[in-house]
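Heads up, the thing below is written out as structure tokens.
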Amino acid sequence: MAKKNSAAGDPLLPVVGVPGTYEWCEEVVECMHAAWRARETSERGFLAAVAAAAEHRIWETLSPPPPHEPYTSLDNLIRRTADEGQAENMQLVIRFSGILDEAAPHEDDAPPWAAATAARAATVDAAAYDDSGALDPEVALGEALLAQFAARMEPDAAAAVAPAVAPAQPRVSAAQRKRERLERNHPELADAVDAGEMTLKQAYVEAGIEKPPRTIDKLQKLWQSASDEERERFLAWLDEQLAKQRKREYQEEVYGEDA
């Protein structure tokens, strides 16, 4: 198997082809789409966790005992538990997704421990639980940004966030897309592949979907997949071939083409 490499030196780009070749470019496109699909899946997972947190009011269960400050809200919990610099971004995604509107529980659905938690909080000095006094400058800036974005948010923009929680579309690989294109535009070549008369790669080249592989591309790909021992043997063979070539050129120069 070829060793993974990246023209940009980034391990997040798991391509195996030779940079700049047709196959490598196609791999980059597939990596781009795969990463985008993973991003959508991650965001849906995040919003699902947010919906569960809101439904069960987990900030009440996780609040520390007095005299420590309770979380009192999901926003407060996120501000105090999120990674540094991420709370504002998380709150923006939650706000514009509308997930809290869908997950908001009815008063009759309040969990049995909610009343006890509220009673416990009421027995402690209210000043110790003032969220406004707990806001540092970074959090205050985040709150201001949230208010600013909320004021500018149009209905169409809010609707644009909704597809992020839509069901994922079935994944179609690059090979599947090329096969569908082959069947659509060159059914005779698709029939030849099914009959075993040619490979799918040969059909792609014949149909003009792919360019014929160059010898230099094949050599470079083989070099990347070769072991250290195989590379050493190849270099020794190459030196031997170069020595023979120089000898032939010398003999032709001294004795002529008939040498």
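No lab work stands behind these numbers, since they all come straight from the coordinates. Values in this document were obtained by computation on a predicted structure and should not be read as measured data. Virtual Cβ from ideal backbone geometry, glycine too; neighbours counted across all protein chains shown.
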Taking H placed 1.01 Å from N in the peptide plane, check which residues at least 5 places from residue 15 or on another chain put their amide H under 5 Å from its amide H. 5
3J(HN,Hα) from dihedral phi, region 32-48, Karplus parametrisation 6.51/-1.76/1.60, rounded to Hz, x for glycine, proline: 4, 5, 5, 5, 5, 5, 5, 5, 5, 5, 5, 5, 5, x, 4, 5, 5
Please identify the trypsin sites (Lys or Arg not before Pro) of region 201-247 that satisfy two criteria: DSSP loop assignment and at most 15 other Cβ atoms within 10 Å. Which are they? 214
Order of 32, 90, 198 - criterion: other Cβ atoms within 10 Å of each residue's Cβ, fewest first: 32, 198, 90
Do any GluC sites (Glu not before Pro) in region 220-259 lie in a DSSP loop with no more than 10 other beta carbon atoms within 10 Å, and if so, which? 257
For region 171-213, shape from the Cα gyration tensor axes a ≥ b ≥ c, cut at a/c of 1.5 then a/b versus b/c, turns out oblate
Cβ-based exposure ranking for 234, 96, in which fewest neighbours within 10 Å come first: 234, 96
